[in-house]
1. Using Cβ contacts closer than 10 Å as the measure, can you line up B:LEU278, B:LEU173 from fewest to most?
2. Sort out the exposed loop trypsin sites (Lys or Arg not before Pro) in chain B (DSSP loop, at most 10 other Cβ within 10 Å) and tell me the longest stretch that has none.
3. List every DSSP H helix in chain B whose Cα atoms extend 18 Å or more along the helix's own long axis and whose mean Kyte-Doolittle hydropathy is at least -1.0.
4. Taking Cα pairs under 8 Å and at least six residues apart, what relative contact order does chain A come out at, in percent?
5. In a GNM of chain A with a 10 Å cut-off on Cα contacts, which of A:LYS113, A:LYS268, A:LYS65 has the highest mean-square fluctuation?
6. Assuming 0.36 nm per residue, please report the length gained on full extension of the stretch B:LEU46 to B:LEU144 beyond their Cα-Cα distance.
7. Straight distance only, please: which lysines reach the Cα of B:LYS245 with their own Cα at less than 30 Å, same-chain residues fewer than 8 apart left out?
8. Please identify every one of the chymotrypsin sites (Phe, Trp or Tyr not before Pro) in region B:126-192 that sits in a loop by DSSP and has no more than 15 other beta carbons within 10 Å of its own beta carbon.
Amino acid sequence: MTYITLPRSRPAERAIEFGLRVAAAVGIVTTVGIIAVLAVEALLFFAEVSPVDFFTGTRWSASIKPFAFGVIPLVVSTLMIALIALAIAVPIGILAAVWMSEFASMRARNIVKPILEILAGIPTIVYGFFAITVITPLLKATILPELGTFSALSAGIVVGILILPLIASLTEDALRAVPRGLREGSYAMGATRWETVRRVLLPAALSGIAAAVILAMSRAIGETMAVVLAAGTNPQLTIDPTESVQTMTAFIVQISLGDTPADSLQFKALFAVGATLFAMTFALNMISTWIVSKYRNEYD
Amino acid sequence: MTNPSRAALHSGETTTLNRRKVKNALFSLLALAAIFVSMVTLAGLLIDLVGRGGSSLDVQFLTSSPSRIPAKAGILPALVGTLWVTVLVALITLPIGIGAAIYLEEYAGRGRIARLLKINISNLAGVPSIVYGIFGLAIFVRGLDLGRTAFAASLTLSLLILPVVIISSAEALKAVPPSQREAAYALGATRWQVIRRALLPAAAPGILTGIVLAVARAVGETAPLILIGAVTFVTFVPTNPFEDKYTVLPIQIFNWANRPQEAFLEISAAAILVLIALMLLLNGAAIYLRARLSRGLQW
């Protein structure tokens, strides 16, 4: 926000502005670079494997012959884990946000909020570790004695824990943005807190909450380390959450860890899968931004 | 808070009112339970880590190289690698992040280019970290031929956290009251003088806090570094970030966690404790910086 335009006479001022412009351009260059890298390398892959086979094939076998590059098993596994994660994080995250913004005393909030921030700051590799040392053994000991070392369920649960703080904090922001008047109006009508939350606040904050959920879904789809450690690297087309599966990100990691030659088809597949992953998360992020900008300032 | 009981009593619906009250109580209990779940998770995570890794955490662990024998293994090369990356990422993101934020807030105006820049940055913030790894592999490791070095890793991680740094720095600049800016202009300062002498000192606490927190995030990143070739078995201590082989704490943790033997899980937990301690240290530094720099700032 600048109200005054000054004559830019001094060359030093102009040099500085140029430098700042370069810094700002780094972001654009990065975006263009990411898209270019993914597009070029994915095209090299599609010169050898037809895109139709890639996008509609239901068998993925990049390391065991006969090779097959149908991405559907990877996509389905990724989505299954993301949906399990959302099933856990959405209700708990929204409830936690409602509690923080509507029920908690200032003191309680000052304790809980930093805890959620700590949870959000823990590296995802640590969550992966938590999945193999606590969540999977716990599931085995209680409800699923047959569960193997790796499962989509454990991965989904841990990714749910991982995205919970994101949903909680964005939902809390959305609830806080609801004008006081709506709250007070509801209470003045004799509504209880629960009724106010359900009939007034949640509908009013719906767009913000929806944007948060979509963003969290994008996060879950792109999550790597927790999923690699918890879900394993077994590419198969299944919707059974107790099975070991391989997500798109897990495939990328598997190829990078081995000594796959850089000019092999497997290595090129890494870029094709990366491009698919990027396209999916990019679309979700755009939808989320779109929801926020479309419904913003509804009450001003 | 208004008391709903009166309205209901007047309409003579005591049973409905009771039901509503019960529903309300149930709901607040449910909401409290949700909070409880997050607390228990964090507690469970920490208890598990300390219980599993606490006993392996000693001076020998911090000063040894990795070994095939878990009892003799240590994290020194990984710790040094992580410190290299931390310092480099901070040095790279500081000028670029602040520069871009200043451009966005003070120069770009509100036209189409400014909007494009902002949308682009918020989109970049949502790109999965592993995609940055792919980019780093193609551009830094191969394209610029930096090889699999800590320097290439630092560049990749810097790009990864730049959006966060830019957004938080821009917020900090935005939070400076317009009066500060206007007063400086009124004294005849040029645009850069206003930024340098009035805006940056006032926004410094917010900017630096944001950068330190973003660097803490970079320190914990694992996935992009797997792509750009941090290796898992480094037995020497890297003396410079251009050395051909390096490793960092998260990679070391991943490598040990990925093995079936319990003994490796234990040292993995110990390494996680060190990583978390490092991140807490950075967070503490952020809090300290904010307190220290905002002293004497009064609007």
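1. B:LEU278, B:LEU173
2. B:111-294
3. The answer, listed by residue number, is B:14-53, B:76-102, B:112-125, B:150-174, B:200-220, B:262-294.
4. Contact order relative to length: 25 percent.
5. For chain A, modelled as a Gaussian network with Cα springs under 10 Å, the answer is A:LYS65.
6. 31.2 nm
7. Candidates past the 8-residue exclusion: A:LYS268, B:LYS72.
8. Values: sites: B:TYR132, B:PHE135, B:PHE140, B:PHE151, B:TYR185, B:TRP192; in loops: none.
Sites meeting the loop and neighbour criteria: none at all.
FYI, it's all coordinate maths here, none of it is from the lab. A quick note: this is a predicted structure, and the numbers were derived from the prediction, not measured. Please note: Cβ atoms are built from the backbone with ideal geometry, for glycine as well, and neighbour counts cover all protein chains shown.
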